[in-house]
Amino acid sequence: MSSSRYRGRFAPSPTGPLHFGSLVAALGSYLDARAHDGSWLLRMEDVDAPRVMPGAADAILRALEAHGFEWDGEITYQSRRGAVYRAALQALQDQGLVYACACSRKQLAETAKRGIDGYIYRGACRERPPAADAALRLRVPAERIAFDDRVQGRVACDLARESGDFVLKRADGIYAYQLAVVADDAEQGITDIVRGADLLTSTPRQIVLQRYLGLPTPRYAHLPVVLDAAGDKLSKQTLAEPIDPQRPLPALLRALRFLGASDVREVGGLAEFWAQADAAWPVLIRPLRGRRPA
Ligand code: GLU
């Protein structure tokens, strides 16, 4: 891996303050960028305006600063990048890959089968005449999409069977996360994506978009997610709680432990924490299990 070119990023959605799960993702992506002497960019994923919480973006930035994260360059705000998403959508439309879908969420919830991530859309509107106020969907290819994740190993997905044609732009005019993230990662020259495994099922959709748009596919590392399932040590209440910018060390140490560091020492300050975390990272970023055949 050429370390001089490494460009990583952290892309929080400002739907609430920074919580422990996003701190883990921030820590992993930041440590990986530092280990490669790379840059680390920050992007506010505020494309879904109705879900944005006023003040959350600033609170996240303050919390990151208080925990000692230092990002490179200007912060990107998705809410200001409509033109970029419009151009990406147009490029897909020009290839005849997009169609309007007037199915309501309610209809789909009642009739569609559950897939890897929500329901499986079987293309009911593919051959229907375009309707006004409809969502726009991408025709997914009938092929298996596979990639090698640095943590999860070989991951493969048959999108047509497991998720179906997915939304690029919602009926309310909002660009979907999948389209925005692919356009942004490419425009920002991101080479390495380190994020939570809750997004693992999104990655094949993003790879399909990259291929259709002629964009490079970054390397991926999907970190274990902080679960709130019953029986897990960490309760939902604990996790949903914002982390305290006044007391950064306990959360950072807990996040480093969560990422698998076994002998985390208590430290007196942030510089000491980051030195410990940098030293631990090369051992933490490794495949979780052996490779599975695709
Ligand atoms: N904005 C997404 C989230 O906060 C992360 C997107 C990504 O890392 O690709 O879950």
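Throughout, read-outs are computed from the coordinates displayed, never taken from laboratory work. For clarity, every value in this text was computed on a predicted model and none was experimentally measured. Counting neighbours? That spans all protein chains shown, and the Cβs are built from the backbone with ideal geometry, glycine included.
Normalised by the number of residues in the range 106-159, the mean separation of alpha-carbon contacts (under 8 Å, six or more apart) gives a relative contact order of 21 percent. For the range 118-266, the calculated P(r), taken from all Cα-Cα distances in 10 Å bins from zero up to the bin holding the longest distance, is 9, 30, 30, 22, 8, 1, 0 percent. Here the Debye sum runs over all C-alpha atoms of the chain as equal scatterers in vacuum, and log10 of I(q)/I(0) at q = 0.14, 0.17 Å⁻¹ comes out as -1.12, -1.55.
For the range 84-131, evaluate the Debye formula with one uniform point scatterer on each Cα (no solvent term) and list log10 I(q)/I(0) at q = 0.14, 0.23 Å⁻¹, rounded to two decimals. So the normalised log intensities work out to -0.46, -0.93. Seen from PRO250, the other residues with C-beta closer than 13 Å to its C-beta sum to a net charge of 0, counting Lys and Arg as +1 and Asp and Glu as -1.
What's log10 of I(q)/I(0) for the range 26-92 at q = 0.24 Å⁻¹, Debye sum over Cα points only, no solvent? With no solvent term, the Cα-only Debye profile gives -1.08. Percent of Cα pairs in the range 1-159 per distance bin of 5 Å, from zero to the largest separation: 2, 7, 11, 14, 14, 17, 16, 11, 6, 2, 0. Label reach from ARG80 (point 7 Å along Cα→C-beta): in the range 39-70, amide nitrogens under 12 Å belong to 44. For LEU42, the residues whose modelled amide H falls within less than 5 Å of its own, excluding neighbours fewer than 5 places apart on the same chain, are PHE10, ASP72, THR76.
Computed from Cα atoms, the angle from the helix 203-212 axis to the main principal axis of the chain rounds to 60 degrees.
Counting only alpha carbon atoms, the long axis of helix 177-187 and the longest principal axis of the chain meet at about 70°.
With each label modelled as a point 7 angstrom along the Cα→C-beta vector, the ALA102-LEU249 pair spans 6.3 nm. As a proxy for reagent exposure, ranking ARG254, ARG128 by other Cβ atoms within 10 Å from fewest up yields ARG128, ARG254.
Sorted ascending by nearby beta carbons within 10 Å, beginning with the fewest, GLU162, GLU266 become GLU266, GLU162.
Normalised by the residues of the chain, what does the relative contact order come to in percent, with Cα pairs under 8 Å and at least six apart? Relative contact order here is 23 percent. Sorted on the mean count of surrounding Cβ atoms within 10 Å across their residues, most packed first, peptides 205-211, 28-34, 83-89, 111-117 read 28-34, 205-211, 83-89, 111-117. Taking the chain as a Gaussian network of alpha-carbon nodes connected by springs under 10 Å, the highest mean-square fluctuation of the residues ALA277, ALA171, ALA142 belongs to ALA142.
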